[in-house]
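J.: Got a structure for you, written out below as structure tokens; questions coming shortly.
The values are calculated or read from the model by the stated rules, or taken from the named source; none is laboratory data. Source: prediction; values computed, not measured. Using ideal geometry, Cβ is built from the backbone for each residue, glycine included, and neighbour counts are taken over all protein chains shown.
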Amino acid sequence: AGTYWIASHSGLLRVFPAFTNLFSEDNPVMLPAIHTVVEDKAGNIWFGSYARSVGYYDGESVHPEPEYLSAYTGILPGSYCGKDGNLLFLPSTRPGFMGLIAVNPEEKKVNMALPLTYGYILRENNNGQLIFGTTRKGLFIQRDAGCGYVDSCWIKIGPEKGFGIQNITGVVQDQHGQYWMGHYTYGLAVYLPEQDTVLNWLTKTGQTKYGGWSFEADQRGNLWMGTSDGLFFLEPPRQPKPDFDIDSHLISVVRGVTNERAVHSVKLFRDSLLVLLTHEGMGILNIPSWYRNPSAPILHYFTPKEGYSGGFGEQNAILIDSKKRIWWANDKGVTCFDPNLYVKDKTWPTVRITRLSSYGDELLADSNRAKKLQAKHTNIRIGFSAASSPLLYDNIVYRYQLNDDTLIQTAEKEAAFQNLAPGSYSFKVFALKHGMISEPAVIDFRIPQVWYKDGRAYIGLLLLLAALAYWWYRNRLRQDLYRRRLMSARVQAIVNQLNPHFINNSLNWLQIRADDQHDSEAVSVIGRLAENIRIIFQNSRHKRSFHSLEEELKIVWNYCYIQKIRFEDKLNYYLPEPDQADRLGEAIDVPLMILQIHVENAIEHGVNNKRGGGYVRVSAETEGEHVILKVEDDGVGRKEAMRIGSVGTQQGTRMLAELIRIFNSKNHQKITQRYEDEIYTDATGKGFGTRVIITIPKKYQYAISD
């Protein structure tokens, strides 16, 4: 593996020579909070600290804050070594020493090139001219590569040209000469030199879902974009029109391998490789392998297992030095990776099933055969593993599929499926390593349908009868057998659209009591379910995808009542009365299940996973021309729920988001949903709890017909 093992007083140490770390916690002279890395003409590696000033590493020692630079503090991301030998930095915190500075390391001089002008990215365009993504001033393009850096040397593309994303965190020029840029919150934009105008796709207007962190162009002129939702590929059109739908042209790359986290920085390496930084580590993507097979590209992704210990990668903080080593800033300092010292595992991958379980029952027999499952085994976990060397960089990821569903790629060694219907299933998984794909490991299992032992059948019958009785009450007409069957099918379709977790939670509680005709709690729960069925049924009958806030609050009240019986003292809830909607000043309509889905997530994935339980609180209030709905819980939080695998299918959340997207396309004022994570902190400093803030305009049109 090329690593070194060293005996010390504290134990046996393993040293990864491919990695060099300059961390402030290990080196007292190393500067903290490094945001940028650049190499000078002499081969020294310079780094800028937001907490202090700049320093450099000469290959042997760290030299912090030369005296002539100590006044320039708060260094922002983005640095550059010019052909004239000057180093460009962006200090931002000390009055009189803020803006774009040019540092001459040989003469130990500093020139203030652009006072009070800040940004996050400095790089060259296709002609070797410097481009500068600024804060609130737009895009600056150097008039000539030898002009210099003072104000007169820049062509400025600002608001007068249509620039709308305020701050630029990433920019690159494509093969058509167009400048693509973005901000991780505001969205994406492109400057079209031939038209001398800027097109914007803003997140706040719904024109895009993605914020751009960092941009790079490959040898074909195509774009690679690090965004808040991972890495994306774009084949840039020439002269895109204002109605160009950019989201439909973005292709997700290696989703699942990087845990779908934000990609903060991307950099082209050796013409055919792309270096990327995430929350967890550093990756190197083989671009030609992606063009050959986008579903199985070669990606080396380095996490602590492979010797990387730097953590969170900073934005626009990758340097390819003159020796073809990769340097980057992270939340511990600076890390260098030397590809020449990297030894990878070249053996062909193999994979096997290691576990099949449900509700604590181990269901895996010998030779990857499943034991006989029971009807209760609807939540399934399947573990798998690939053979690898404990000493080499195995770089293994997995791709799995249940029946004919979409293939899912992940770096985890487990797949979880919830609320599976009775029937036969075939699960297969592949191991991928350095572009090589293993033969699949397959396991088949069957969940039996035993209706007379399943309490859900009785509850389903009661729900069906309740719905039919309501229909008879409304119409006062006898219907023939054909009409009753038709109505039954329609009711069943409506019931099937209810959140499966919502029904299943109640059914699990009632299953052991289905034969007890005197169970008052079971009767009460059935009543609450019937009321919610009535509300959903009525909306379906009128082909509405929305209803009054009062009806939504009734659904939430009924749902929380059922969950309180299920969880007992582990759950408390605080809800406004349904008639509070009348006190908001006027009748308010909301999308179906807009509160219930978030309340369900709070209970199932937040409170349920918290030792000792917790609470859920819903509030409704007016603020100007909007109604503000809040769903808050003190559960474990979304990050912890994802870590322990309690995320569900997210089907309800996705359906709600799609419904809101359709509604918003017909409205100038938009419905918005915003998450606030880790709203509380425990005694150890660990965050927990979640708050969802939903803003609904009072004057909102739900009709989607033209």
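J.: Looking only at segment 303-318, filter to residues that are crowded, with 23+ Cβ neighbours inside 10 Å and out of contact with any His (no Cβ under 9 Å at 6 or more places or on another chain); which one of those is modelled with the highest pLDDT?
T.: Result: Ile318.
J.: Looking at Asn21, Asn27, can you tell me which residue is assigned to a loop (DSSP other than H, G, I, E, B) and out of contact with any Lys or Arg (no Cβ under 7 Å at 6 or more places or on another chain)?
T.: Asn27
J.: Output the qualifying pairs, or none if there are none: Cβ atoms under 6 angstrom, residues six or more apart or on different chains, first residue in segment 437-449 and at pLDDT below 90, second residue in a strand (DSSP E or B) and surrounded by 14 or more Cβ atoms within 10 Å (Cβ to Cβ).
T.: Pairs that qualify, where the first residue is at pLDDT below 90 and the partner is in a strand (DSSP E or B) and surrounded by 14 or more Cβ atoms within 10 Å (Cβ to Cβ), are Ile437/Phe430; Ser438/Val351; Ser438/Phe430; Ser438/Ala431.
J.: Being part of a helix (DSSP H, G or I), touching a Ser or Thr at 6+ places or on another chain (Cβ under 8 Å) and surrounded by fewer than 18 Cβ atoms within 10 Å (Cβ to Cβ) is the filter here, so list the residues in segment 567-614 that pass it.
T.: Leu584
J.: Any idea which of Asp243, Asp247 is of a type in the set (Asp, Glu), without any contact (Cβ under 8 Å) to a residue 12 or more places away in the chain and farther than 22 Å from Tyr80 by Cα?
T.: Residue meeting the stated conditions: Asp243.
J.: Sticking with this structure for a sec: I'd like to verify a number: residues in segment 646-676 that are under 30 Å from Gly383 (Cα atoms) and surrounded by 13 or more Cβ atoms within 10 Å (Cβ to Cβ), how many?
T.: Going through segment 646-676, the residues under 30 Å from Gly383 (Cα atoms) turn out to be 646-655.
So of that shortlist, the ones also surrounded by 13 or more Cβ atoms within 10 Å (Cβ to Cβ) come out as 646-649, 651-653, 655.
Summing the residues that are under 30 Å from Gly383 (Cα atoms) and surrounded by 13 or more Cβ atoms within 10 Å (Cβ to Cβ) in segment 646-676 gives 8.
J.: Assess whether Tyr400 counts as being surrounded by 16 or more Cβ atoms within 10 Å (Cβ to Cβ) and not in a strand (DSSP E or B).
T.: no
J.: Read through the list (1) of a type outside the set (Ser, Thr, Tyr); (2) closer than 24 Å to Ser265 by Cα; (3) not assigned by TED's automatic domain parsing to the domain that holds Glu39, then give the number of the only condition that Ile101 fails.
T.: (3)
J.: Looking at (1) touching a residue at least 12 places away in the same chain (Cβ under 8 Å); (2) of a type outside the set (Asp, Glu); (3) in a strand (DSSP E or B), which is the one condition that is false for Trp5?
T.: (1)
J.: If you don't mind, another one. Scan segment 40-49 for residues that are surrounded by fewer than 21 Cβ atoms within 10 Å (Cβ to Cβ) and either touching a strand residue (DSSP E or B) at 6+ places or on another chain (Cβ under 8 Å) or among the aromatic types (Phe, Trp, Tyr) (or both) and jot them down.
T.: Passing the criteria: Asp40, Lys41, Asn44.
J.: I would also like to ask the following. Any residue in segment 252-263 that's part of a strand (DSSP E or B): show its pairings with residues that are at pLDDT below 85 and not β-branched (Val, Ile, Thr) at Cβ separation under 8 Å, as long as the two are six or more apart or on different chains.
T.: Val253/Pro297
J.: Determine whether Gln207 is in contact (Cβ under 8 Å) with a residue 12 or more places away in the chain and under 18 Å from Val266 (Cβ atoms).
T.: no
J.: Kindly evaluate Glu39 against the criterion of being under 18 Å from Ser309 (Cβ atoms) and not β-branched (Val, Ile, Thr).
T.: It is false that Glu39 is under 18 Å from Ser309 (Cβ atoms) and not β-branched (Val, Ile, Thr).
J.: Here's something else I'd like to know. Here are the criteria: (1) within 30 Å of Thr205 (Cβ to Cβ); (2) exposed (fewer than 14 other Cβ atoms within 10 Å of the Cβ); (3) out of contact with any Gly (no Cβ under 8 Å at 6 or more places or on another chain); (4) of a type in the set (S, T, N, Q). Tell me which single one Thr684 does not satisfy.
T.: (1)
J.: Still on this structure, I have one more. Does Phe233 meet the test of being in the same structural domain as Val171 (by TED's automatic domain parsing), surrounded by fewer than 21 Cβ atoms within 10 Å (Cβ to Cβ) and not in a loop (DSSP other than H, G, I, E, B)?
T.: In short, yes.
J.: Let me ask another. Going by the conditions given, is Thr303 among the β-branched types (Val, Ile, Thr) and closer than 18 Å to Leu22 by Cα? Write out each step before concluding.
T.: Working: among the β-branched types (Val, Ile, Thr): yes; closer than 18 Å to Leu22 by Cα: yes.
Taking the combined requirement at face value, the residue satisfies it.
J.: Consider Gln207 carefully, then state whether it is assigned to a loop (DSSP other than H, G, I, E, B), touching a strand residue (DSSP E or B) at 6+ places or on another chain (Cβ under 8 Å) and on the phi > 0 side of the Ramachandran plot.
T.: no
J.: So which residues in segment 153-179 are surrounded by fewer than 22 Cβ atoms within 10 Å (Cβ to Cβ), touching a Ser or Thr at 6+ places or on another chain (Cβ under 7 Å) and on the phi < 0 side of the Ramachandran plot, if there are any at all?
T.: Matches in segment 153-179: Lys161, Asn167.
J.: Return the total of residues in segment 324-339 being free of Cβ contacts under 8 Å to residues at least 60 places away in the same chain and farther than 21 Å from Thr169 by Cα.
T.: 2
J.: So if I check each of Ala431, Ala375, which one is among the small types (Gly, Ala, Ser) and in a strand (DSSP E or B)?
T.: Residue meeting the stated conditions: Ala431.
J.: Quick check, is Gly162 touching a residue at least 40 places away in the same chain (Cβ under 8 Å), touching a strand residue (DSSP E or B) at 6+ places or on another chain (Cβ under 7 Å) and of a type in the set (Gly, Ala, Ser)?
T.: Here the answer is no, as Gly162 does not meet what is asked.
J.: Among the residues of segment 281-288, is there at least one that is surrounded by fewer than 19 Cβ atoms within 10 Å (Cβ to Cβ) and more than 28 Å from Leu202 (Cβ to Cβ)? Break it down into steps so the answer makes sense when it comes.
T.: Of segment 281-288, the ones surrounded by fewer than 19 Cβ atoms within 10 Å (Cβ to Cβ) are 286, 288.
Adding the requirement that they be more than 28 Å from Leu202 (Cβ to Cβ) leaves 286, 288.
Among the residues of segment 281-288, at least one is surrounded by fewer than 19 Cβ atoms within 10 Å (Cβ to Cβ) and more than 28 Å from Leu202 (Cβ to Cβ), which makes the answer yes.
J.: Restricting to segment 30-57, count the residues that are over 24 Å from Asn340 (Cβ atoms) and either polar (S, T, N, Q) or in a loop (DSSP other than H, G, I, E, B) (or both).
T.: Looking only at that region, the number is 10.
J.: Restricting attention to strands (runs of 3 or more DSSP E) lying wholly within segment 133-192, give those where 3 or more residues are more than 27 Å from the chain's Cα centre (by Cα) and assigned by TED's automatic domain parsing to the domain that holds Phe232.
T.: The qualifying strands (runs of 3 or more DSSP E) are 139-142, 154-157.
J.: Quick one: how many residues across segment 71-122 are exposed (fewer than 15 other Cβ atoms within 10 Å of the Cβ) and among the aromatic types (Phe, Trp, Tyr)?
T.: So the answer is 0.
J.: Just to be sure I understand, how many residues within segment 303-329 are within 19 Å of the chain's Cα centre (by Cα) and within 15 Å of Leu285 (Cβ to Cβ)?
T.: So the answer is 1.
J.: Taking into account only those residues within segment 669-706 that are in a loop (DSSP other than H, G, I, E, B) and in contact with a strand residue (DSSP E or B) (Cβ under 9 Å, 6 or more places away or on another chain), which is nearest to Val627 (Cα to Cα)?
T.: So, considering only residues that are in a loop (DSSP other than H, G, I, E, B) and in contact with a strand residue (DSSP E or B) (Cβ under 9 Å, 6 or more places away or on another chain), the one nearest to Val627 (Cα to Cα) is Lys698.
J.: Looking for whichever is of a type in the set (Lys, Arg), in contact with a strand residue (DSSP E or B) (Cβ under 6 Å, 6 or more places away or on another chain) and modelled with pLDDT of 90 or more here; the options are Lys610, Lys630. Which one fits?
T.: Lys630
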